[in-house]
1. Mind checking which residues of region 213-238 are over 11 Å from H264 (Cα atoms) and of a type in the set (D, E, K, R)?
2. If D337 passes every condition in (1) under 13 Å from the mean Cα position of the chain (by Cα); (2) under 30 Å from D460 (Cβ atoms); (3) more than 13 Å from ligand 2 (Cβ to nearest atom) but one, which one does it miss?
3. Do we find that F186 is over 25 Å from L116 (Cα atoms) and either assigned to a helix (DSSP H, G or I) or among the charged types (D, E, K, R) (or both) in this structure?
4. Where residues in region 327-341 are more than 16 Å from ligand 1 (Cβ to nearest atom) and touching a Lys or Arg at 6+ places or on another chain (Cβ under 8 Å), which of them is farthest from T292 (Cα to Cα)?
5. Quick check on my filter: what residues within region 95-123 are more than 20 Å from T138 (Cα to Cα) and not in a helix (DSSP H, G or I)?
6. Would a scan of region 234-249 turn up a residue that is of a type in the set (D, E) and within 16 Å of ligand 3 (Cβ to nearest atom)?
Amino acid sequence: MASDTKQYDDQPLNEKVCEMSKLVTAAFPDIEKICYEGPQSDNPLAFRWYDPEEMVEGKTMKEHLRFTVCYWHTFRATGADPFGGGTMIRPWDDGTESVENARNRARVAFEFFEKLDVPFYAFHDRDVAPEGKSLSETNANLDAVVDVLEEEQNRSGVKLLWGTANMFSHPRFMHGAATSCNVDVFTYAAAQVKKALEVTHRLGGENYVFWGGREGYQSIYNTDMKRELDHLAQFFHMAVDYANEIGFTGQFLIEPKPKEPTKHQYDSDAAACLNFLRAYDLMDHFKLNIETNHATLAGHSMMHELEYAGMQGGLGSIDANTGDLLLGWDTDQFPTDYYLTTQTMLVLLKYGLAPGGVNFDAKVRRESFEPLDLFYAHIGGMDAFARGLKIAAAIRADQAIENLITDRYSSWDSALGQRIENGSMGLKELEATMLKQGECSGNKSGRQELLENIVNRYMDKA
Ligand code: XLS
Ligand code: NI
Ligand code: NI
């Protein structure tokens, strides 16, 4: 989510506040289940590319993409920004922080998941249920909503991709959670994660995510970085231990992000996260949840972050969204760019995604305030990923990129290359080789322009 964590505080502005305290009719009465109609369709409430049962590389699109709706943006974002309050019209929401409203909203969410035909959803503890006056009241609120989530999961077959704890919105977390300078805040956060793990386990969550909300610093002058990182690692080890204790076997994920809300987030990018995991002996328990807009904030492309994580066995899941090149913050827009989705799918097909998924950590713009816009946004994102999947699969089937890479590195397949790669050469042997040879053989062209043309060619035909 972007910097406007105010979205957790502000109430939605409902011009048509629902008078019903219980949901008796559908929240989206005019919308039928979204179906695949094919690329020729001009029905804005149909899929043009996402055909859940279509086979690609031996699996259905549904199995490849594992689409996920995120609860916080879709059901809690109000459209508030630093310059003004909420704009969203959500007729089913009575605008209160009551448990009853939260339970009702949960039922609406499942109507949305089913009509959109997504197999998964994801949430933070505090998105689904309101904070109480004490930790025990807060936990009881959560249980009361989780009862509805469980019932709705069983009824609809929609599953939980991941759960997580919001340890950044409440003022107590001003200095961070696991990295707070206040031991009580660390303790509160630990209790919160314990509960969130139990709830995720109860709901059959396939993963558990840690996005380091305020785990970072605004000023290095007041920060004991070593102590904070040691605490963060202890915190993760405690989570691993407790998961073992309760039998939660889901995948733990860390979500890199370089800044927002802090100036320097500890989990700044895939490389920083993997280094942290390795340094603190956590590599066996964690993978990464890579988010597009976070990659670009870190000065990387999504494809770079995915490849970097994937090559080290650390690619777990993705938060699918996009930023805006002209804006420098986490705008969390829905991804519609076929080049982006093709690049993403090229890497995901290479390393695999399950038990991760394609989670739309994206929100409709403040000006797109009607419930209908939630459908348009997700349909666009799902179609863009389905098309990206098809294009990436076609490129892979012809080895159109791979052949050029193989050729580019072919000198390494020579006797010399093999001896270096298997570790049987040192500087002395290499010096002797080059003294004898005198000069390098010629280089090969990088063929960047050809490769860009090849990707365009597959865009045209897939
Ligand atoms: C914020 C993150 C957040 C995580 C879940 O920028 O993207 O939404 O995905 O805490
Ligand atoms: Ni984000
Ligand atoms: Ni995210």
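1. D224, K226, R227, E228, D230
2. (1)
3. Criteria met by F186.
4. If we take residues in region 327-341 being more than 16 Å from ligand 1 (Cβ to nearest atom) and touching a Lys or Arg at 6+ places or on another chain (Cβ under 8 Å), then Y338 is farthest from T292 (Cα to Cα).
5. D117, V118, P119, F120, Y121
6. There is no residue in region 234-249 that is of a type in the set (D, E) and within 16 Å of ligand 3 (Cβ to nearest atom).
For every residue, the table says whether it meets (1) crowded, with 20+ Cβ neighbours inside 10 Å; (2) among the aromatic types (F, W, Y).
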position: T331; (1), (2): no, no
position: Y351; (1), (2): no, yes
position: K363; (1), (2): yes, no
position: D398; (1), (2): no, no
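Here's the yes/no breakdown for (1) more than 22 Å from the chain's Cα centre (by Cα); (2) without any contact (Cβ under 8 Å) to a residue 24 or more places away in the chain:
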{"position": "A102", "(1), (2)": "yes, no"}
{"position": "R105", "(1), (2)": "yes, no"}
{"position": "E111", "(1), (2)": "yes, no"}
{"position": "E114", "(1), (2)": "no, no"}
{"position": "V118", "(1), (2)": "no, no"}
{"position": "R126", "(1), (2)": "no, no"}
{"position": "E137", "(1), (2)": "yes, yes"}
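The values are calculated or read from the model by the stated rules, or taken from the named source; none is laboratory data. Note that the structure is a prediction, hence the values are computed from the model and not measured. Please note: Cβ atoms are built from the backbone with ideal geometry, for glycine as well, and neighbour counts cover all protein chains shown.
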